[in-house]
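This report concerns only the one structure given below.
The values are calculated or read from the model by the stated rules, or taken from the named source; none is laboratory data. Just so it is clear, the model here is predicted, and its values are computed rather than measured. Here the Cβ positions follow ideal geometry from the backbone for every residue, glycine too, while neighbour counts run over all protein chains shown. Calculation scope for accessible area: heavy atoms of the full protein, side chains included, ligands and nucleic acids excluded. Shrake-Rupley method; radii C 1.70, N 1.55, O 1.52, S 1.80 Å.
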Amino acid sequence: MPNFDIVRTVDIDKTFRVAHIMSDFDVKEGHVKEHFVGDIVIPANWNIGIICGASGTGKSTIMNELFGEHLCSCEYTHKSVIDDMPDKCNVDEITKMFYAVGFGSVPSWLKPYSVLSNGEKMRVDIANALLGNDFVVFDEFTSVVDRNVAQVASVAIAKAVKATKKKFVAVSCHKDVIPWLQPDWVFDTDTMQMVFPNARAHKESLKCESAGEKNGKSLDDIII
């Protein structure tokens with residue numbers, strides 16, 4: 001099984017306080033090193049994937065190395081979120097996507113992004129990203145919403161992604177999203193192992209390619 005070995009090094013700025021801590025705790029190195037090693041294989045055909053695990057286990061590092069170019073990043077400058085959607089999309093396409101991801105409050109479509117609830121913002125971000133891209137990675141998925149909202153939104157988003165045959169990767173510390181999103185694959189950073197929640201994805205894994213090879217990269221030893 002293909003593997004990755006990612007080393008993340010952060011240089012230490014030796015201020016007075018930092019030097020004091022380094023002395024007290026006998027820290028010798030002038031940098032902090034994080035080392036993430038694991039096996040990751042992505043099915044050849046898939047729609048939804050999840051990278052999950054506790055804080056500090058490497059979710060963002062792995063996400064950025066493998067899928068960084070697909071990370072959801074939206075800007076909102078208009079007085080209504082419907083005007084912030086991609087210019088290439090017509091009104092019908094936008095409203096269908098709003099409904100598809102569970103953002104069905106018409107009055108909220110006419111509001112600026114800044115006044116929406118956290119749950120509405122998450123749905124708008126995902127609608128915006130899916131309208132503009134075929135491959136979307138969403139960091140901190142459902143991290144700022146309560147679990148009831150997370151469940152309803154996850155189910156709606158999963159249906160929208162599969163209906164449009166796009167690719168969506170959720171990065172989250174919440175493993176409860178797994179049954180709600182019904183992913184084709186899960187990478188658990190607590191164990192650094194792949195999980196295939198359904199038989200179809202497992203069969204697809206037999207003819208898979210590593211995410212690194214897919215991006216034209218070798219993941220044998222990556223220094224970032």
Checking Gly104 against (1) touching a residue at least 40 places away in the same chain (Cβ under 8 Å); (2) of a type outside the set (Ser, Thr, Tyr); (3) more than 24 Å from Met192 (Cβ to Cβ), the condition it does not meet:
(1)
Qualifying residues in region 128-148 (those that are under 23 Å from Ser60 (Cβ atoms) and part of a helix (DSSP H, G or I)) - the one most open to solvent (accessible area, probe 1.4 Å):
Arg147
Among (1) modelled with pLDDT under 85; (2) in a loop (DSSP other than H, G, I, E, B); (3) open to solvent by 80 Å² or more (accessible area, probe 1.4 Å), the one test that Arg8 misses
(2)
Looking at region 166-178 only, could you name the residues that are assigned to a strand (DSSP E or B), open to solvent by less than 40 Å² (accessible area, probe 1.4 Å) and closer than 15 Å to His70 by Cβ?
Phe168, Val169, Ala170, Val171
Quick one: would you say Ala163 is in a helix (DSSP H, G or I) and surrounded by 15 or more Cβ atoms within 10 Å (Cβ to Cβ)?
no
